[in-house]
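Heads up: the structure comes next, in structure tokens.
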Amino acid sequence: VQAVAEVAKVGEDDNQALKMIAALAQDLDEEVRIVVAEALPWSAAPRRKEALSSLVTMALSDESSQVRLRAIRAVNVLFERGNRSREALQAASACLFDEDAE
């Protein structure tokens, strides 16, 4: 995962790398999902909905509090990188007001 994320950082919005990383968001290994959450905001252009969608799903529904926390931080990174879309704002709001969050 980390190797694919590094390649994606170098490329310009590599769709193949983004799909590979996003697919691993459902991996059984918590460490893999943590790396995915940390890699997604850097593996695509900030306005790519696929990265945001995967991160929101992880932030709201992953069983691991560590994965959820990393995913919330990653949504913030997307904001910092320029994603100021309505979808991103709604996603951040959902993460902040998740009643099940620890």
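The values are calculated or read from the model by the stated rules, or taken from the named source; none is laboratory data. No experiment lies behind these values; they were computed from the predicted model shown. Here the Cβ positions follow ideal geometry from the backbone for every residue, glycine too, while neighbour counts run over all protein chains shown. The accessibility values were calculated without ligands, DNA or RNA, using every heavy atom of the protein model including side chains. Shrake-Rupley method; radii C 1.70, N 1.55, O 1.52, S 1.80 Å.
Filtered by the rule that a residue be hydrophobic (A, V, I, L, M, F, W, C) and touching a Leu at 6+ places or on another chain (Cβ under 8 Å), the stretch 36-51 gives VAL36, ALA37, LEU40, ALA44, ALA51. Residues in the stretch 41-69 that are closer than 15 Å to ILE21 by Cα and open to solvent by 60 Å² or more (accessible area, probe 1.4 Å): 5 in all. For first residues located in the stretch 52-70 and on the phi > 0 side of the Ramachandran plot, partners that are assigned to a loop (DSSP other than H, G, I, E, B) and lie 6+ apart or on another chain with Cβ distances below 6 Å do not occur.
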